[in-house]
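> Have a look at this one.
The values are calculated or read from the model by the stated rules, or taken from the named source; none is laboratory data. Predicted, not measured: the structure shown is a model, and the values here were computed from it. Cβ placement follows ideal geometry from the backbone for every residue including glycine, while neighbour counts extend to all protein chains displayed. For the accessible areas, the whole protein counts, side chains as well, though only heavy atoms, and no ligand, DNA or RNA atoms are used. Shrake-Rupley method; radii C 1.70, N 1.55, O 1.52, S 1.80 Å.
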Amino acid sequence: MFFSLWEFFYGHFFRFWMKWLLRQMTGKCELQRIFDTYVGAQRTHRIENSLTYSKNKVLQKATLAVQSDVDKCVEDIMKEKNINPEKDASFKICMKACLLQISGYKQLYLDVESVRKKPYDSDNMQHEKLLLKLWNLLMPTKKLKARVSKQWADIGFQGDDPKTDFRGMGILGLINLVYFSENYTSEAHQILSRSNHPKLGYSYAIVGINLTEMAYSLLKSEALKFHLYNFVPGVPTMEHFHQFYCYLVYEFDKFWFEEKPESIMYFNIYREKFHEKIKGLLLDCNVSLALKI
């Protein structure tokens, strides 16, 4: 109750007068003061909040701009705030960089969601080739005897036909598995080998798909903003989402063996514990979770 009242009074009264007072004292608007004070994710995050909670419709709409409209949005903001480009030459560059990150994050979510919604289709030759590519990357010396085979269990699928394991995350789950196996092949082989541990083993592919869901949910909840705003100076893309997924795979394997669960039956408990650990790291405005081999 108290928090709601404070939020109301701050948004409707205190924030307006505070901004007015600071502008009189510094001769600069809130956006300019943010650029003067902050860098990295802190800067983009504060700019995003300032635009979102502004009573000016032009500024509000800037957070919804697509990449192609960013230049026009910057010009409109400068006009609305009476910012002279000759007196503040860096404003245009800084605002464009922030808006590209803000619009890029929104577009990245739409792109990831679009791929996630595509189910694995065994009649689609591209999907089938990708699945076989995963096998060849992980098991280069072992030939797959048949498309539907118990051999799939060797890389951590549950049934004889992996297509049933992709239901939750669609083709996105397979794309992530292939990306990690292709770009970090030796690490993928190492983790696959560790996943066959007699006591601490787990289903490699199933856990990989589960971690795709984790990466997706963090993106959807906007928990990845600090990370991506720090990690990517420009527009975040699917490549950066895949890189974050690789970080999760590598770190989860380390976490699992450090924790030494009594049984795979406790997977959900340790999965949630790992999830909370990652969410905690992502709260740091200086966070940048890059995979370091």
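> Can you tell me which residues in region 63-84 are of a type in the set (Ser, Thr, Tyr) and in a helix (DSSP H, G or I)?
Passing the criteria: only SER68.
> How about region 121-144: which of its residues are under 17 Å from PHE166 (Cα atoms), open to solvent by 90 Å² or more (accessible area, probe 1.4 Å) and in a helix (DSSP H, G or I)?
Selection gives MET125, GLN126, LYS129.
> Here's another thing I want to ask about it. If I go through region 148-192 residue by residue, how many of them are within 18 Å of GLU128 (Cβ to Cβ), touching a residue at least 60 places away in the same chain (Cβ under 8 Å) and among the β-branched types (Val, Ile, Thr)?
Within region 148-192, residues that are within 18 Å of GLU128 (Cβ to Cβ), touching a residue at least 60 places away in the same chain (Cβ under 8 Å) and among the β-branched types (Val, Ile, Thr) number 1.
> Continuing with this model, one more query. Would you confirm whether any residue within region 222-231 is within 24 Å of SER103 (Cα to Cα) and among the hydroxyl-bearing types (Ser, Thr, Tyr)?
yes
> Against the definition (more than 30 Å from ALA97 (Cα to Cα) and open to solvent by 40 Å² or more (accessible area, probe 1.4 Å)), how does GLU258 come out, yes or no?
Judged against the criteria, GLU258 is a match.
> Do we have GLN60 as open to solvent by less than 80 Å² (accessible area, probe 1.4 Å), in contact (Cβ under 8 Å) with a residue 24 or more places away in the chain and either aromatic (Phe, Trp, Tyr) or in a helix (DSSP H, G or I) (or both) here?
Here the answer is no, as GLN60 does not meet what is asked.
> Moving on to the next point. Inspect region 40-52 for any residue being of a type in the set (Val, Ile, Thr), open to solvent by less than 70 Å² (accessible area, probe 1.4 Å) and touching a residue at least 60 places away in the same chain (Cβ under 8 Å) and give the result as yes or no.
Yes.
> Among LYS118, LYS87, which is the only one that is outside any helix (DSSP H, G or I), over 30 Å from GLY40 (Cα atoms) and open to solvent by 40 Å² or more (accessible area, probe 1.4 Å)?
Answer to the check: LYS118.
> Quick one: which residue in GLN42, GLN101, GLN24 is at pLDDT below 95 and part of a helix (DSSP H, G or I)?
When all the criteria are applied, what remains is GLN24.
> Give me the residue from region 208-223 that is more than 8 Å from the chain's Cα centre (by Cα) and of a type in the set (A, V, I, L, M, F, W, C) and, out of that set, farthest from GLU251 (Cα to Cα).
Of everything passing the filter in region 208-223, ILE209 is farthest from GLU251 (Cα to Cα).
> Further question on the same structure: I want to confirm something. Restricting to region 262-293 and keeping residues that are surrounded by fewer than 16 Cβ atoms within 10 Å (Cβ to Cβ) and of a type in the set (D, E, K, R), which single residue is farthest from TYR247 (Cα to Cα)?
GLU262
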